[in-house]
1. Other chains near A:88-100: what is the mean number of their Cβ atoms within 10 Å of each residue's Cβ?
2. How big is D for segment B:87-200, in µm² s⁻¹ as a whole number, if Stokes-Einstein is applied with the Kirkwood radius of its Cα pairs at 37 °C and 0.692 mPa s?
3. Leaving ligands, DNA and RNA out of it, report the carbon-plus-sulfur percent of the accessible area of the protein assembly as shown at a 1.4 Å probe.
4. Per the Kirkwood treatment, what hydrodynamic radius in Å, one decimal, follows for segment B:192-309 from the mean inverse distance over all distinct Cα pairs?
5. Find the eigenvalues of the gyration tensor of the Cα atoms of segment B:5-178, then list the square roots of 5 times those eigenvalues as equivalent ellipsoid semi-axes, largest first, in whole angstrom.
6. In the Gaussian network model of chain A, springs joining C-alpha atoms below 10 Å, which of A:Thr217, A:Thr115, A:Thr156 carries the largest mean-square fluctuation?
7. Could you report the accessible area of A:Asp81 in Å², rounded to 10, computed with a 1.4 Å probe on the protein chains as they sit in the structure?
8. With 39 Å as the cut-off, how large is the P(r) tail for the protein assembly as shown, expressed as percent of Cα-Cα pairs?
Number of protein chains: 2
Amino acid sequence: MNNKQIAIIGTGVIGNGWIVRFLANGFDVVAYDPIDGAEARTKEVIEQAWESVESLGLHTDASHERIRFVSSIEDAVKHADLIQENVPERLDLKQDVLKEIDRFAQKDAIIGSSTSGIKPTELQIKLDHPERLVVAHPFNPVYLLPLVEIVGGKQTTKEMKQAAHDLYEAANMKPMIIEKEIEGFVADRLMEALWREALHLVNDGIATTEEVDKAITYGAGLRWAQMGPFMTFHLAGGKEGMRHMLKQFGPALKLPWTKLEAPELTEDLKERVINGCETHAGDRSVAELEHKRNAFLVQLIDLVEDYWP
Amino acid sequence: MNNKQIAIIGTGVIGNGWIVRFLANGFDVVAYDPIDGAEARTKEVIEQAWESVESLGLHTDASHERIRFVSSIEDAVKHADLIQENVPERLDLKQDVLKEIDRFAQKDAIIGSSTSGIKPTELQIKLDHPERLVVAHPFNPVYLLPLVEIVGGKQTTKEMKQAAHDLYEAANMKPMIIEKEIEGFVADRLMEALWREALHLVNDGIATTEEVDKAITYGAGLRWAQMGPFMTFHLAGGKEGMRHMLKQFGPALKLPWTKLEAPELTEDLKERVINGCETHAGDRSVAELEHKRNAFLVQLIDLVEDYWP
């Protein structure tokens with residue numbers, strides 16, 4: 001029996017997404033949001049999303065009824081093992097809400113902020129117990145996409161980061177601890193680069209929004225569902241993988257294909273990238289990975305045709 | 001019965017990918033490559049790839065035996081309806097090979113270059129019949145990913161671009177005609193922006209290559225298999241879609257989340273982006289699109305777990 005209790009502060013799109021995920025994974029949830037109609041909206045979201053999380057597979061103790069709405073932050077957080085903060089993206093507002101949470105939460109409770117860009121060191125400044133504050137940044141829809149980026153501030157302890165990692169893992173997520181604080185963390189920086197390039201293409205009249213989208217879904221998007229940019233290029237390099245790719249396409253980094261300037265391709269960076277790919281590939285040869293990639297692609301293409309003909 | 005004949009000049013990774021696709025779609029293929037062992041290598045690739053294209057579905061007249069290797073460009077191209085050029089990415093080399101192709105090809109044959117970045121206007125300069133030269137840029141693996149970018153040079157006619165479009169469509173592809181010439185065309189510019197940001201993250205010690213890859217495959221990658229960046233944000237905007245997203249996240253374009261500077265978010269650009277999304281969505285509401293997206297995501301997540309546990 002999952003005895004852990006989660007408090008959700010702020011029930012917008014992200015807060016409600018968290019509620020569905022935690023309920024689906026057998027947790028108790030207490031929610032607070034000052035806006036009128038928040039509870040009714042949350043019930044709507046749970047109803048619409050429940051079919052999806054059922055298909056994915058519910059925890060034995062999961063119930064969409066194990067949720068209570070309360071009328072203060074204090075009531076929401078006082079018994080919680082984890083408090084997830086999801087208020088609008090403003091530093092002053094988040095700091096005030098986190099201070100209130102920190103005041104009433106149990107000392108060893110984890111506080112996770114869903115912020116997409118504010119550094120945890122800034123979030124934890126006003127807290128009496130800053131050591132348990134982490135950024136825990138999810139992706140929409142939160143109840144389906146498994147990625148959550150965990151970032152600690154200067155005062156966050158290693159133990160609390162690990163505790164946070166383990167708790168989100170218990171909610172069937174793939175938590176990724178990022179040791180260095182940087183705006184936008186990792187995933188959003190990658191998405192933002194692509195997004196800005198997409199805006200340039202539309203702005204310069206090269207492509208419509210629909211053409212940009214198709215350039216992704218008919219091409220690289222099919223690869224990115226199963227492997228990221230490094231592994232994709234590792235496979236494009238033939239037997240030698242990334243080592244060969246960098247030889248052949250290193251010079252392309254200087255081309256004006258995007259206004260984003262690439263870092264200098266030093267020997268050190270090359271080795272880091274090559275070693276990274278070879279470590280990730282492990283004992284699987286490029287040919288083996290290609291074989292699996294292709295089998296997956298065939299299934300994926302059929303799936304896309306079923307849902308988006 | 002598909003009577004069209006395709007000539008493949010240069011049988012590296014891309015050339016061989018084209019061979020498999022055309023054979024799988026019922027075409028006759030003639031190939032030429034000056035390197036020793038090219039024919040044996042091509043046979044290997046066809047063997048390894050045939051299972052995948054069979055699963056996807058072969059044309060009634062498809063046979064992996066309808067391929068001949070010849071010993072000159074002249075013999076390869078003289079009866080071809082389409083000649084696909086796949087020699088290394090060097091302007092002078094491509095210009096020379098294309099000149100040779102152009103000399104011996106039938107006047108109304110289409111010449112497609114697989115170049116990833118050289119402008120078609122530069123490729124067609126030395127040709128006697130430049131009007132039939134297009135860039136036809138595919139994505140690896142060519143026999144599975146359906147996207148091909150079609151770009152004409154200054155001397156390419158509208159009719160030849162359309163003829164090229166139709167022929168690649170007959171090879172079960174999703175051809176996209178791009179009217180403006182620009183380095184990297186559309187898809188590679190998007191991929192390059194993400195790639196350079198990825199390199200920065202590794203270079204600055206923020207993430208390993210594996211962490212960057214996971215940030216994609218556990219997050220946005222699952223969305224990009226079915227919808228591009230514009231439609232993804234349209235859905236993230238709730239009922240109002242992209243209009244609301246731009247209000248809420250327009251300011252984020254100024255943040256230093258990536259060194260890539262965004263274009264100015266003028267009223268004109270906003271309208272273009274909003275109209276683009278609303279046109280692409282058609283009569284499907286955000287809620288309907290979300291519902292379909294979720295159903296697809298559930299299947300996709302299961303699929304990923306089968307192949308990449």
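1. Details: counts 1, 4, 0, 0, 0, 0, 0, 0, 0, 0, 0, 0, 0.
Taking the mean over all residues of the peptide, I get 0.
2. Details: Rh = 14.5 Å.
Answer from the Stokes-Einstein relation: 227 µm²/s.
3. Values: 12320 of 25580 Å².
Percent of accessible area from carbon and sulfur atoms in the protein assembly as shown: 48.
4. Numbers: mean 1/r = 0.0617 Å⁻¹.
After inverting the mean inverse Cα-Cα distance, the result is 16.2 Å.
5. Calculated on Cα positions only, the semi-axes equal 24, 18, 14 Å.
6. Maximum fluctuation in the GNM of chain A, among the listed residues, is at A:Thr217.
7. So the heavy atoms of A:Asp81 present about 50 Å² to solvent.
8. Working: 61962 of 190653 pairs.
Above the 39 Å cut-off, the protein assembly as shown has 32 percent of its Cα pairs.
The values are calculated or read from the model by the stated rules, or taken from the named source; none is laboratory data. Just so we're clear, the structure is a prediction, and the values are computed from it rather than from any experiment. Positions of Cβ are backbone-derived with ideal geometry, glycine not excepted, and every protein chain shown enters the neighbour counts. In case anyone asks, the SASA skips ligands and DNA or RNA and just uses the protein heavy atoms, side chains included. Shrake-Rupley method; radii C 1.70, N 1.55, O 1.52, S 1.80 Å.
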